[in-house]
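Notes to accompany the following structure.
The values are calculated or read from the model by the stated rules, or taken from the named source; none is laboratory data. This is a predicted model, so every value here is computed, not measured. Because the Cβ atoms are built from the backbone with ideal geometry, glycine has one as well, and the counts that use them run over all protein chains shown.
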Amino acid sequence: MQLDEFIIKNTPAGFTVHRNEPMSEHTTFKTGGFADIYIQTGEAETLAAIAPLTRYAHENNIPVQIIGGGANVVVADSGIRGITINTMTPVARQKVRRREAANDFIAPAGVASDTVAEIAAENSLSGLEFLAGLPGTIGGAVRMNARCWGKSISDVLIGVETMNIVNGDVIFEPFKAEEWAYKQSPYQKGNKLIIAAHFCLEPEKRGTILKRMAEYRIEREKKGHFRSPSAGSVFKNNPAFGSSTGKIIEELGLLGARIGGAQVSTWHGNFIVNTGGARSSDIRTLTEKIQAEARKRLGIELECEILFIGDWGDREKH
Ligand SMILES: Cc1cc2nc3c(=O)[nH]c(=O)nc-3n(C[C@H](O)[C@H](O)[C@H](O)COP(=O)(O)OP(=O)(O)OC[C@H]3O[C@@H](n4cnc5c(N)ncnc54)[C@H](O)[C@@H]3O)c2cc1C
C-alpha cells in the first residue's frame, strides 16, 4: 500500500493531515521549511491512537519527527522529510482533571505546560507553578527535563506513560532518579512518544499558588522572554564555568551580534532572537559562531540546549 493510501485509511479520528506544512507556523522561532506530511493531534482522544501509522512508518523506513509547541527546536530551512506529528492539543484540557489524588496528578503530553500548571493551581495543588509562562507542552517539558526558577520536571515526576513508536506498546514507566540530570531525561534517546506525565503535588492554598505563578510570568516578561521570537536559552548552563552562559556571552562582547535576521538579543546573552525574516541557517550559524568564540577565547565548550531538527543536509544534527 502506498503511504498516501495508508494515511487516508489509518489516520485516527480527531487527527488531521496536512501536506507541505510550513514549520515557521509551528515553532516559536518562526523559522523553518515545510514538513512533507504533518499530522496534527487536534481533537484526538489519545496520542496512542497514532500507533498504526508510526508502526507503518518504521516498517517502511519513513522518518517520524515528534514536536510539541516547537519552543525548543530549530527546523531546517529545507524542512522535515517523512511524517511530523504535532502533539499539541487544546482539548485534552479537561482530561488533566483526571487526577485521583494529589500524589498522582496526570497531564496528557499535548497540553500546554502553562495550562497544566494553571489547572493544578485551580485544584489547590502546588508543585508545578514553576511551569507558569513556559512555552510548549508537557511532553516537550518532560523530554527536555525543563527547568525554571531552580526546579526541574524531574523534581515532581513520579512516572511517564509512553508509546513505543516502533511496535505501538503503551507502558507506564515509574520515575528512576538515576536516569535524570540537569536538562537530561531518558526520553532524549530512543523511540518513545510521551503520552502523559504523572506528578506528585502538595495541597496548598489556591490563592498562594496563583500569586506565585503570576510573579513567575511577570518575571519572564521583565526578562524580555517574549519580546521577539526565540526558543529560550540557546545553551545549557555549566556550573564549572563559574558564571551563567548568558553572562559569559555578554562578557565575550557578543550581545547584539548578528547573522542575517538572527541576533544575540541585546537584553539576554543566552537568547538568540529572530529580528524578522531570519532563516534557520542564520540561527545555526550564529550559534556556532558563539561556540567558536567561547572555545577560542575561554577554552570552554558551550553545549546547545536548542535542538536542530529536520533536513540539515550535511550539517551534523544535534
Ligand atoms: C521564551 C522562551 C522561554 C523559555 N524558557 C525556558 C525555561 O525557563 N526553562 C526551560 O527548560 N526551557 C525554556 N524554554 C524552552 C522550551 O519552552 C522548553 O524546552 C519546552 O519544554 C519545550 O516544549 P515543546 O512542547 O515546545 O517541545 P518541542 O520544542 O516541540 O520539542 C522539543 C523536543 O521534545 C520532543 N517532544 C515533544 N513532545 C514530545 C512527546 N510527546 N513525546 C516525545 N518527545 C516529544 C521533540 O521531538 C523534541 O525533540 C523557553 C522557550 C521560549 C520560547
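Taking the condition of being assigned to a strand (DSSP E or B), closer than 14 Å to Ala141 by Cα and within 11 Å of the ligand (Cβ to nearest atom), how many residues in the stretch 177-197 meet it? Lay out the reasoning, then the answer.
First, the residues of the stretch 177-197 that are assigned to a strand (DSSP E or B): 181, 184, 192-197.
From the residues that got through so far, the ones that are closer than 14 Å to Ala141 by Cα too are 181, 184, 193-197.
Those still in the list that are within 11 Å of the ligand (Cβ to nearest atom) too: 193-197.
Going through the stretch 177-197 one residue at a time, the tally reaches 5.
Does the stretch 184-193 contain any residue that is of a type in the set (A, V, I, L, M) and either over 19 Å from Ser154 (Cα atoms) or modelled with pLDDT under 95 (or both)?
Looking only at the stretch 184-193, we keep the residues that are of a type in the set (A, V, I, L, M), and these are 193.
Going one step further and asking which of them are either over 19 Å from Ser154 (Cα atoms) or modelled with pLDDT under 95 (or both), we end up with none.
Within the stretch 184-193 (the criterion being of a type in the set (A, V, I, L, M) and either over 19 Å from Ser154 (Cα atoms) or modelled with pLDDT under 95 (or both)), the answer is no, since none of the residues qualifies.
Can you tell me which residue within the stretch 142-171, out of those that are free of Cβ contacts under 8 Å to residues at least 40 places away in the same chain and in a helix (DSSP H, G or I), is nearest to Ser185 (Cα to Cα)?
Checked the stretch 142-171; the qualifying residue nearest to Ser185 (Cα to Cα) is Ser154.
Can you run down the residue pairs with Cβ atoms below 7 Å, 6 or more apart or on separate chains, where the first is in the stretch 183-203 and under 19 Å from Asp169 (Cβ atoms) and in the same structural domain as Ile119 (by TED's automatic domain parsing) and the partner is small (Gly, Ala, Ser) and within 9 Å of the ligand (Cβ to nearest atom)?
Note: pairs meeting the criteria are Ile194/Ala109; Ile194/Gly139; Ile195/Ala109; Ala196/Ala109; Ala197/Ala109.
Can you tell me which of (1) more than 22 Å from the chain's Cα centre (by Cα); (2) in the same structural domain as Ala121 (by TED's automatic domain parsing); (3) of a type in the set (A, V, I, L, M) is the one Ile249 doesn't meet?
(2)
Checking the structure you have, find out if any residue of the stretch 241-248 is more than 27 Å from Thr31 (Cα to Cα), more than 13 Å from the ligand (Cβ to nearest atom) and crowded, with 18+ Cβ neighbours inside 10 Å.
So far as the stretch 241-248 goes, no, none of its residues is more than 27 Å from Thr31 (Cα to Cα), more than 13 Å from the ligand (Cβ to nearest atom) and crowded, with 18+ Cβ neighbours inside 10 Å.
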